[in-house]
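Attaching a single structure in structure tokens format; questions to follow.
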Amino acid sequence: MFNKNHKTFQAIYNNKAYSVDEIWHIASSFKQFLNDNQLTILCADNDIFSLSIYLGALKFNSPIMLLNHDTDIVELTKIIKKFKPSFLISKNISSINCKHDHNEKIHDYNIFSFSWANENSKLINEDLSLLLPTSGSTGSAKFVKISKKNIVANTKSIIDYLKITKNDKTITTMPMSYSFGLSIINTYFNAGAKIILCQHSLVSREFWKILDVSNITSLSGVPYIFELLFKFNFFKKSYSSLKTITQAGGRLKSELKKEILNYSNKNAINFFIMYGQTEATARISYVPPDMLSKKIDSIGIPIPSTELHVEKNDSQEGELIFEGDNVSMGYANDYKDLYLGDSRNGILKTGDIGFKDSDGYFYITGRKKRFIKINGIRLSLDDAEKLIENEFCSTGIDVRCIGEDDNLILEYTCVNNIDNDLKNYLCKKIKIHHKYLTIARVKNIMRNSSGKKIYT
């Protein structure tokens, strides 16, 4: 993870550039809360302190779980009780409804210390470096276990195909706790490049002020971000320093793909469409810019030093299987899973159905598993159903969740019309805007002869 290149890295926060030495100095003030075989939970923000804590955890070989800074206190409490961390570090939370030994404050971050008697006396697996949530949605508290080897492998591949150098500069548009957002931090750190840590929303004037004067060379985002950029006329402006645009985190609408491609061609910008999963430590495949016009609906070719193939037969449609050192160690549902080693052995069944064309480019045609992405964040449709069924069980509700990326469709049967109640509850629970949710009251939920719901 730490090579000679990272020495030129700079993180720019509130108009101040922080060198690697300054980052290590900040990290050292938190070192007592970043120890071998002791889990630390960080509610991370896009600021210099969260960045320093995260990089410090990697340097000090301390396993760390990243959550978003605005994680709901109820969900956070559940996670603490499940994973039994030694420490919780959070800027926004000043008290928790969970027994803790003491708390203190460093750099505006509150630190809570826990002792769990002999419940977690075993040593955390020595390969485990990072825990990332599989989604920001249903509160399942299921996390992806990632090793330092995974991070290094994925980072090297991304630097390779994006050709990131120490002369590059980008800006954060996504949370650190999201695998895509974190992969940008990892790659720019290891390339010795520059990154602007921005906490402002894309709809704010502050973000656009920073963007207009920052001379960034690269801009990344999920589909929702590019929809906002389009709405605010980004693609009618010219940024002479901008050389690369990267998109991942879900399927971009065809018309917007073409808009960005035209803009990129006009301004000599390399536009990369990428495919990935948190389970792959971020990236799986990409479409080279010079092939994008011909392969605009493809997810591309595998990233360097990895393999991608269709289960059983590449010439036919089937589940996409990914192999490489960046395939994560497996899942963790509670603290007991932190003791276990690698369960995947470098092989990831993606859950996506697709095929490979005669040029070696892959396409996704459907999903084996019932997931969609909202704003780039993965949502389990089955978990969403369970949330509704549990919350509204007294109404006798029957529910079916279907949909596609950025379009969750909820069908339900109920004596009374509870559209608004369902919408308000689900949007708050899984933190999505109501525009991504369609609710329909139906007479019957479609089922087959054996009584199972039909989702096609």
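The values are calculated or read from the model by the stated rules, or taken from the named source; none is laboratory data. Since the model is a prediction, treat every value here as computed from it, not as a measurement. FYI the Cβ positions are ideal-geometry reconstructions off the backbone, even for glycines, and counts take in every protein chain you see.
Considering (1) closer than 30 Å to Ser214 by Cα; (2) among the polar types (S, T, N, Q); (3) touching a strand residue (DSSP E or B) at 6+ places or on another chain (Cβ under 7 Å), say which one Ser298 fails and leave the rest.
Unmet condition: (1).
Follow-up. Just name the residue that is farthest from Lys431 (Cα to Cα) out of those in segment 397-408 that are surrounded by 15 or more Cβ atoms within 10 Å (Cβ to Cβ) and free of Cβ contacts under 8 Å to residues at least 40 places away in the same chain.
Checked segment 397-408; the qualifying residue farthest from Lys431 (Cα to Cα) is Ile397.
Report the residue count in segment 253-274 for those that are part of a loop (DSSP other than H, G, I, E, B), touching a Pro at 6+ places or on another chain (Cβ under 9 Å) and of a type in the set (Gly, Ala, Ser).
Going through segment 253-274, the residues part of a loop (DSSP other than H, G, I, E, B) turn out to be 253, 267-269.
Filter once more, so that each one left must be touching a Pro at 6+ places or on another chain (Cβ under 9 Å): 253, 269.
Cutting the leftovers down to of a type in the set (Gly, Ala, Ser) gives us none.
Matching residues across segment 253-274 total 0.
Please find, within segment 409-445, the residue that is farthest from the chain's Cα centre (by Cα) out of those that are in contact (Cβ under 8 Å) with a residue 40 or more places away in the chain and surrounded by 15 or more Cβ atoms within 10 Å (Cβ to Cβ).
Across segment 409-445, the extreme among qualifying residues is Leu426.
Which of the strands (runs of 3 or more DSSP E) contained wholly in segment 332-414 include at least 3 residues that are out of contact with any strand residue (DSSP E or B) (no Cβ under 9 Å at 6 or more places or on another chain)?
Strands (runs of 3 or more DSSP E) meeting the threshold: none at all.
Return yes or no: is Ile284 in the same structural domain as Gly249 (by TED's automatic domain parsing) and at pLDDT 95 or above?
yes
When both residues are 6+ apart or on different chains and their Cβ atoms are under 6 Å apart, which pairs have a first residue that lies in segment 352-372 and is free of Cβ contacts under 8 Å to residues at least 12 places away in the same chain, and a second that is surrounded by fewer than 17 Cβ atoms within 10 Å (Cβ to Cβ)?
The qualifying pairs do not exist here.
Under 30 Å from Ile171 (Cβ atoms), surrounded by fewer than 23 Cβ atoms within 10 Å (Cβ to Cβ) and of a type in the set (S, T, N, Q), is that true of Ser28?
Here the answer is yes, as Ser28 does meet what is asked.
Name the residue that is farthest from the chain's Cα centre (by Cα), counting only residues in segment 294-319 that are among the aliphatic types (A, V, I, L, M) and more than 11 Å from Phe355 (Cα to Cα). Talk me through it step by step, then tell me what you get.
At the first step, the residues of segment 294-319 found to be among the aliphatic types (A, V, I, L, M) are 296, 299, 301, 303, 308, 310.
Now drop any that are not more than 11 Å from Phe355 (Cα to Cα), which leaves 296, 301, 303.
Details: Ile296: 23, Ile301: 21, Ile303: 18 Å.
Selected residue: Ile296.
Could you tell me how many of the residues in segment 17-52 are in contact with a helix residue (DSSP H, G or I) (Cβ under 8 Å, 6 or more places away or on another chain), not in a helix (DSSP H, G or I) and not polar (S, T, N, Q)?
Residues flagged as in contact with a helix residue (DSSP H, G or I) (Cβ under 8 Å, 6 or more places away or on another chain), not in a helix (DSSP H, G or I) and not polar (S, T, N, Q) within segment 17-52 amount to 8.
Test Ser129 against the criterion of being part of a loop (DSSP other than H, G, I, E, B) and either modelled with pLDDT under 95 or over 28 Å from Ile432 (Cα atoms) (or both), and give yes or no.
It is false that Ser129 is part of a loop (DSSP other than H, G, I, E, B) and either modelled with pLDDT under 95 or over 28 Å from Ile432 (Cα atoms) (or both).
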